[in-house]
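Worksheet for the structure shown next.
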Amino acid sequence: MVSSGLVLAIIIGSLTEVLMSFGEHKKEVKRTVLVATKFLRDQGIPLGLQIRIRNHMKALLQYQQSLKTSQSIQDNLSESLQSELCFALNGQLLVGCGFFSLLEQ
């Protein structure tokens with residue numbers, strides 16, 4: 001009972017840390033995109049290309065943060081919960097493959 005409470009406290013602490021770092025990450029993304037925007041403008045890059053580059057950078061940085069968050073959450077789960085989460089996230093992809101279609105049953 002005490003050990004399960006300790007595990008729960010660790011998971012809650014980790015999730016709180018992830019949520020706090022998310023706000024910091026948003027600020028970092030904004031700063032990085034602003035620096036890139038200034039550089040592109042100073043170099044005389046056409047506006048359409050600037051917009052596409054900014055959008056790509058935002059998407060890439062958000063994806064990287066998503067991967068970090070996912071890994072942080074998974075690191076605090078038991079192996080069985082990690083397996084269940086992995087299947088929940090990727091199960092439909094696996095079931096769509098002929099070889100793994102038997103998993104659906």
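The values are calculated or read from the model by the stated rules, or taken from the named source; none is laboratory data. Just so we're clear, the structure is a prediction, and the values are computed from it rather than from any experiment. Here the Cβ is made from the backbone with ideal geometry for all residues, glycine too, and neighbour counts use every protein chain on show. Quick note on the areas: whole protein, heavy atoms, side chains included, nothing else; ligands and nucleic acids left out. Shrake-Rupley method; radii C 1.70, N 1.55, O 1.52, S 1.80 Å.
Tell me the carbon and sulfur percent of the accessible area for segment 23-99, rounded to whole percent, probe radius 1.4 Å.
Percent of accessible area from carbon and sulfur atoms in segment 23-99: 61.
Between CYS97 and ASP75, the simple label model (points 7 Å from Cα in the Cβ direction) yields a spacing of 2.7 nm. Spacing of the modelled spin labels on LYS38 and HIS56, each 7 Å from Cα toward Cβ, amounts to 2.2 nm.
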